[in-house]
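Here is the structure we will look at.
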Amino acid sequence: MVRRLILAALMVAMASQGALAAPARLTPGEERPSPVLRVDLKTSDQILSNIRKRYPGRPNGPVEGPRPGPDGRLVYVIRWLTDTNEVMFITVDAESGQIISALGGR
């Protein structure tokens, strides 16, 4: 009997805190909020514009990303052809737009 009273008291306490609340129902067309933390990422057009200012040229293939980089940051990886026909691999932070590394070329 004591166990049942304790269990009932715990259930009431949990229900009052929302722990046992039923999930909210969505109306048609409504999307469930994503549990993933969203950050503002630069678009590939913004990234390419930033690269062009520093390294005249154009992308040489598709823009890869955003994807997790070695340190966990989201990055874009771009194969870049300079105006002098040199190939570079440029890694850009997807959140800040900052160039992290540029390999090849000059």
**Item:** Index of the failed condition, Ala22 passing every other in (1) surrounded by fewer than 10 Cβ atoms within 10 Å (Cβ to Cβ); (2) modelled with pLDDT of 75 or more
**Value:** (2)
**Request:** Would you mind telling me which numbered condition in (1) modelled with pLDDT of 95 or more; (2) closer than 16 Å to Leu41 by Cα Pro66 fails?
**Result:** (1)
**Prompt:** Does the range 48-81 hold any residues that are touching a helix residue (DSSP H, G or I) at 6+ places or on another chain (Cβ under 7 Å) and either in a strand (DSSP E or B) or of a type in the set (Ser, Thr, Tyr) (or both), and which are they?
**Reply:** Pro59, Tyr76, Ile78, Trp80
**Request:** Among residues belonging to the range 82-106 that are small (Gly, Ala, Ser) and part of a strand (DSSP E or B), point out the one that is modelled with the lowest pLDDT.
**Result:** Gly104
**Fill in**
The residue that is modelled with the lowest pLDDT, considering only those in the range 31-52 that are loosely packed, with under 10 Cβ neighbours inside 10 Å and of a type in the set (Lys, Arg), is Arg38
**Asked** Are any residues in the range 69-88 over 17 Å from Gln46 (Cα atoms) and within 22 Å of the chain's Cα centre (by Cα), and if so, which ones?
**Response** Gly69, Pro70, Asp71, Gly72, Arg73
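The values are calculated or read from the model by the stated rules, or taken from the named source; none is laboratory data. Not measured: the values here are computed from a predicted model. Note that we place each Cβ from the backbone using ideal geometry, even for glycine, and neighbour counts take in every protein chain shown.
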